[in-house]
1. Give segment 38-62 a look and list any residue that's small (Gly, Ala, Ser) and part of a loop (DSSP other than H, G, I, E, B), or say none.
2. So which residues in segment 43-94 are within 21 Å of ILE29 (Cα to Cα) and aromatic (Phe, Trp, Tyr)?
3. Take the residues of segment 54-90 that are among the hydroxyl-bearing types (Ser, Thr, Tyr) and closer than 28 Å to MET44 by Cα: which is surrounded by the most Cβ atoms within 10 Å (Cβ to Cβ)?
4. Can you tell me which of (1) exposed (fewer than 13 other Cβ atoms within 10 Å of the Cβ); (2) at pLDDT 85 or above is the one LEU13 doesn't meet?
5. Select from segment 5-28 the residues that are of a type outside the set (A, V, I, L, M, F, W, C) and either in contact with a Pro (Cβ under 9 Å, 6 or more places away or on another chain) or closer than 16 Å to GLY67 by Cα (or both) and list them in ascending order.
Amino acid sequence: MAHHSKEPQITVLPPNKEKIRHLWKVAGILLVITIFEFITAFSMPHGAAKTSIFVLMTIVKAAYIVGEFMHLRYESKVLLWSVLIPIVFIVWMLVAFVYEGMKLSDINFLGF
């Protein structure tokens, strides 16, 4: 009895050059933002401006990554706004907490 097995057919598709070009473009944009962050980190003195730039660049990078790699940029506008509106409130809450924390650190609770 002969055992006849069929080998699976493997089809190799040519690379999609448009997708590869798009991925290099995304990597380039993220690289530019990261270089700007490094220049800011090593050329500016520590302070509110430096922190604000880092927070802003982090939000820009996170939004771009979510838009491209999680495909949120290509979804319907309702889904996009259902994600963005809570993020705005979370950022507002964090700013309020930092502001209140700075005000409370000026107060001496124990009276010393």
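The values are calculated or read from the model by the stated rules, or taken from the named source; none is laboratory data. Treat the numbers as computed from the prediction; the structure is a model and nothing was measured. When we count neighbours, we look across all protein chains shown, and the Cβ atoms used for this are built from the backbone with ideal geometry, even at glycine.
1. GLY47
2. If the condition is that a residue be within 21 Å of ILE29 (Cα to Cα) and aromatic (Phe, Trp, Tyr), then PHE54, TYR64, PHE69, TYR74 are the ones that fit.
3. Applying the filter and picking the extreme gives TYR64.
4. If we test LEU13 against (1) exposed (fewer than 13 other Cβ atoms within 10 Å of the Cβ); (2) at pLDDT 85 or above, just (2) comes out false.
5. Hits for segment 5-28 are LYS19, HIS22, LYS25, GLY28.
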